[in-house]
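Below is one structure, written out as structure tokens; comments come after it.
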């Protein structure tokens, strides 16, 4: 399973199918990774999840049963 940081993806299957996902490396502030999901490609009104380490991301994706098509570089904080 490929998981990309800073690249927006479309969730093709699993929970939130059809939504978009973007992962932010927030080690400097929270010590982990923020996982944002939204029902639109602009990521407006995004919900967020968090994992402590990069190694925990595959389990997070597996639990949600996500298959993701990675699309483009994106930065939710600098639009």
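Read-outs: derived from the displayed coordinates by stated rules, not from any lab. All values reported here derive from a predicted model rather than from experimental measurement. Neighbour counts are summed over all protein chains in view; Cβ atoms, including those assigned to glycine, are modelled from backbone coordinates with ideal geometry.
For an R0 of 25 angstrom, estimate the FRET efficiency from the Cβ-Cβ distance between residue 79 and residue 29 and round to the nearest 0.05.
Taking R0 as 25 Å, the efficiency between residue 79 and residue 29 is 0.85.
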Kirkwood hydrodynamic radius (C-alpha pairs) into Stokes-Einstein, the chain, 37 °C and 0.692 mPa s, D in µm²/s: 265
Average Cα contact separation per residue, the stretch 7-73, under 8 Å, 6 or more apart, as relative contact order %: 39
Separation in nanometres of the label points that stand 7 Å from Cα toward Cβ, at residue 53 and residue 5: 1.4
Value of [θ]222 nm, deg cm²/dmol, for the chain, DSSP H segments ≥ 4, -39500 (n - 2.57) each, nearest 500: -2500 deg cm²/dmol
